[in-house]
Amino acid sequence: MSLNVNGRTRRVDVTPQETLAHTLRYKLGLTGTKIGCNRGECGACTVTVDDVTNYACSTLTHSVKGRQVVTVEGLRAADGTLHAVQQAFIDELSPQCGFCTPGQIMSAVALLKTNPQPTREEARQALSGNLCRCGAYDHYLNGVMRASGQLS
Ligand code: FES
Ligand code: FES
């Protein structure tokens, strides 16, 4: 089948029950998408599909045919400039071990697309599906606020 991932059309063989997380990581080499729980609980596998967050571990690859999938690898500009959320997370030292970071980034990117100046509480809700075993929640929220220009 053809998949649209990070603005490119990718041809890939996919089994009927294959998850998007599996396809991205093991067939397309996009290992930024992490698999933690593999059952829709932790958010490590979060990607966007048509700008809406999805748990890739719980999404069948066949179901995203014809839709726009974006992973953390697809966020930086062609010249290498990081997305504002990525840069803000660096500036705020948001990641600890980093395992949950791609998912946190994708949730933040989706939030800011629809709500460019969220309150901290709105950001907290938007990222509530992304668990962090290091407990770096406040650092990620600081990053979201910085990316939205609400923190100098
Ligand atoms: S790996 Fe998908 S929600 Fe945990
Ligand atoms: S930074 Fe370690 S799991 Fe979130």
Note to self: Take residues that are open to solvent by 70 Å² or more (accessible area, probe 1.4 Å) and tell me which of the helices (runs of 4 or more DSSP H) falling wholly in region 54-152 contain 3 or more.
What the structure shows: 84-91, 120-126, 137-147
Next item on the list: Hey, can you tell me all the residues within region 29-55 that are over 15 Å from L131 (Cα atoms) and either touching a residue at least 12 places away in the same chain (Cβ under 8 Å) or within 14 Å of ligand 2 (Cβ to nearest atom) (or both)?
Entry: L30, G32, T48, V49, D50, D51, V52
Note to self: I'd like to know if region 78-98 contains one or more residues that are at pLDDT below 95 and on the phi < 0 side of the Ramachandran plot.
What the structure shows: yes
Item checked: Residue in region 26-36 that is farthest from the chain's Cα centre (by Cα), counting only those that are open to solvent by 30 Å² or more (accessible area, probe 1.4 Å) and under 26 Å from R146 (Cβ atoms) -> G36
Margin query: I'd like to verify a number: residues in region 37-52 that are open to solvent by 60 Å² or more (accessible area, probe 1.4 Å), closer than 13 Å to S107 by Cα and touching a helix residue (DSSP H, G or I) at 6+ places or on another chain (Cβ under 6 Å), how many?
Written below: 1
Margin query: Yes or no: region 65-75 includes at least one residue that is without any contact (Cβ under 8 Å) to a residue 40 or more places away in the chain and over 15 Å from G103 (Cα atoms).
Written below: no
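The values are calculated or read from the model by the stated rules, or taken from the named source; none is laboratory data. Since we're looking at a predicted model, the values are computed, not measured. No Cβ is skipped: glycine too gets one built from the backbone with ideal geometry, and neighbour counts run over all protein chains shown. Ligands, DNA and RNA are excluded from the accessible area calculation, which covers all protein heavy atoms including side chains. Shrake-Rupley method; radii C 1.70, N 1.55, O 1.52, S 1.80 Å.
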